[in-house]
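Below is one structure; the comments refer to it alone.
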C-alpha cells in the first residue's frame, strides 16, 4: 500500500509539522495499533467504548510511524505541539478519526480500481459472502471480510487489506440501526451490491420489517449509476423498499419451484435454478454441486452466481466451489456416530427456520436417524420476541422432530415449550452444558442434532460436553 502525501492533504489540509520541501512519497500502510514495527505507516488513533488510541500516539511514532491522524477533541494544541517537538509528525487533526478511517479506505479503493461487491441482509450474509468469494476465485485473489468485519471499523479494514495483486473485494455489511449501511456503502462504493433477504433480525431495535427493509436498501447509496443490485425475487417488502431509493439495474434470482408461488405483479427472476438432489441446475446454464446443504443455501448460491456473471465469470468456469465458513456456521461434526450441525454462532428467526428445514429434510444435516434440536434465545426481537420464539418452536413440532431442548430466558422458554408441546421429548435447560447432558441421555448412533441460538447464549459450550460423552469429532 502507498497512499500519497498530497492525496491526504487534499482530504484534510496541511498537517501540523508539515515536512515542507521534503514531502514523503506516501505512507506504507495504515495502522490503528501502536504495537510492532510501524515503519513508514500512517497511525490512526481510533476511539472506542473501552479504548482510546490517542493514549498511544507517542508510542506509534516511537515504533516508526511516519505520520498520525488524531481527533481534535482528544488532544489539545499543547499536546499536539509536544508530539511534534518530540520528533512526531506530520499530524492531521480531524473531527472524527473513524470517519477519517473510512475516507482512507474509500481513497484506497479508488486507487486500486478493482471490482467491489457489498453484501447485506437479515440472514445469510456471511454464507453468501463466502459463496461470492469462491465464485469470483477464477478472477484471481479475492479479499473478503472475515470474522465480524462488517461494521464501521471492519469494512474499511477489509478494504485496506487489498493490494495491487487483489482481483476483487467482497465486503459484508451488518447494521444495528438506520444509517449504518449508508456509511459503509459510501465508504466501499461497490460495483455490485447484494441483499440476501429482509427478515426480523434486530427488529427490537428498528421496530418493524419495513424499517429493516429501509436500512438494508441503504446499500444502494454507494452504488454508482452503472452499478447493479442482486436480490432474491418474490419479496413484496423488499421490492417496495427498493423502489423508494433505487432506479438502477436489478438482477433477481429464484429457485424454479418457488417462483410460481410468488405474489402476482412482482418482477420475474432473471436467474433461475432447479434443485436436483445435491446439485443446482441453472435453467440457462450448467449443473453445479451444492457446496452447502439446504434450500436456503441454494438461494444464496444463486445470488453468488449472479454476482459472478456480472463480473465476467461464467458458471461453467466454476466447477465444484470450495467454501470454508467461519466456526459455528453450517459446520458438520461426527461425534461417535451422531451427526451434529453446529449453527451456534448466531440466530435470527429466518435462519433458525432454515436450519430446522434442513434438519427435517430426509437425509438432511448428514444423517437418516432421529432428529433432535437445541434452540436458544434469539436476541433483539423486541415486542415480537415471544411470537417469533413460538413460531420456530412450532415449526420444530410441525416437522415432527424427535426431541427439542430449549435454552432460553423464562418468557421465551415458556412460549417455546407451549408451541412445541407434543414432541416425543421436550425439555428446558438452564445452560448449554445442561442441554448437552440431556441430549446424551437421548442420543444413539445414526441420530442428528442441530444446535442454534444467538451469540449471547454461547451454545457452543455444549459441544465439548457432547464430545466427552459421544467421542471426539471426526
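The values are calculated or read from the model by the stated rules, or taken from the named source; none is laboratory data. What you see is a predicted model; the values in this text were computed from it and never measured. Here the Cβ positions follow ideal geometry from the backbone for every residue, glycine too, while neighbour counts run over all protein chains shown.
A compact table of results
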{"item": "Answer residue from the range 117-146, given it is part of a loop (DSSP other than H, G, I, E, B) and in contact with a helix residue (DSSP H, G or I) (Cβ under 8 Å, 6 or more places away or on another chain) and is nearest to residue 100 (Cα to Cα) among those", "result": "145"}
{"item": "Matching option when the condition is surrounded by fewer than 21 Cβ atoms within 10 Å (Cβ to Cβ) and touching a strand residue (DSSP E or B) at 6+ places or on another chain (Cβ under 8 Å), among 48, 17, 36", "result": "17"}
{"item": "Every residue from the range 134-160 that is farther than 16 Å from residue 184 by Cα and surrounded by fewer than 24 Cβ atoms within 10 Å (Cβ to Cβ)", "result": "134, 137, 138, 139, 140, 141, 142, 143, 147"}
{"item": "Qualifying position, being in contact with a strand residue (DSSP E or B) (Cβ under 7 Å, 6 or more places away or on another chain), crowded, with 21+ Cβ neighbours inside 10 Å and within 18 Å of residue 403 (Cβ to Cβ), among 338, 307", "result": "338"}
{"item": "Residues (assigned to a loop (DSSP other than H, G, I, E, B) and without any contact (Cβ under 8 Å) to a residue 24 or more places away in the chain) located in the range 228-260", "result": "247, 260"}
{"item": "Strands (runs of 3 or more DSSP E) (entirely within the range 369-474) containing at least 2 residues that are more than 18 Å from residue 340 (Cα to Cα) and touching a helix residue (DSSP H, G or I) at 6+ places or on another chain (Cβ under 6 Å)", "result": "426-428"}
{"item": "Test for residue 221: is it in a loop (DSSP other than H, G, I, E, B) and either in contact with a helix residue (DSSP H, G or I) (Cβ under 6 Å, 6 or more places away or on another chain) or more than 28 Å from residue 329 (Cβ to Cβ) (or both)", "result": "no"}
{"item": "Qualifying residues in the range 273-297 (those that are in contact (Cβ under 8 Å) with a residue 24 or more places away in the chain and within 29 Å of residue 226 (Cβ to Cβ)) - the one surrounded by the most Cβ atoms within 10 Å (Cβ to Cβ)", "result": "273"}
{"item": "Scan of the range 291-316 for residues that are closer than 12 Å to residue 134 by Cβ and in contact with a helix residue (DSSP H, G or I) (Cβ under 6 Å, 6 or more places away or on another chain), ordered by number", "result": "300, 301, 304, 305, 307, 308, 313"}
{"item": "Selection count where residues are buried (at least 17 other Cβ atoms within 10 Å of the Cβ) and in contact with a strand residue (DSSP E or B) (Cβ under 9 Å, 6 or more places away or on another chain), scope the range 403-433", "result": "17"}
{"item": "Candidates 120, 127 - the one that is surrounded by 20 or more Cβ atoms within 10 Å (Cβ to Cβ) and out of contact with any strand residue (DSSP E or B) (no Cβ under 8 Å at 6 or more places or on another chain)", "result": "127"}
{"item": "Hey, residue 229 in contact with a strand residue (DSSP E or B) (Cβ under 7 Å, 6 or more places away or on another chain) and surrounded by fewer than 24 Cβ atoms within 10 Å (Cβ to Cβ) or not", "result": "yes"}
{"item": "Residue within the range 102-113 that is over 22 Å from residue 32 (Cβ atoms) and surrounded by fewer than 18 Cβ atoms within 10 Å (Cβ to Cβ) present", "result": "yes"}
{"item": "Residue within the range 193-208 that is at pLDDT 95 or above, touching a strand residue (DSSP E or B) at 6+ places or on another chain (Cβ under 6 Å) and part of a helix (DSSP H, G or I) present", "result": "no"}
{"item": "Residue within the range 53-63 that is assigned to a loop (DSSP other than H, G, I, E, B), touching a strand residue (DSSP E or B) at 6+ places or on another chain (Cβ under 9 Å) and surrounded by fewer than 21 Cβ atoms within 10 Å (Cβ to Cβ) present", "result": "yes"}
{"item": "Sole residue being outside the structural domain of residue 456 (by TED's automatic domain parsing), modelled with pLDDT of 90 or more, out of contact with any strand residue (DSSP E or B) (no Cβ under 8 Å at 6 or more places or on another chain) and assigned to a loop (DSSP other than H, G, I, E, B), chosen from 264, 322", "result": "264"}
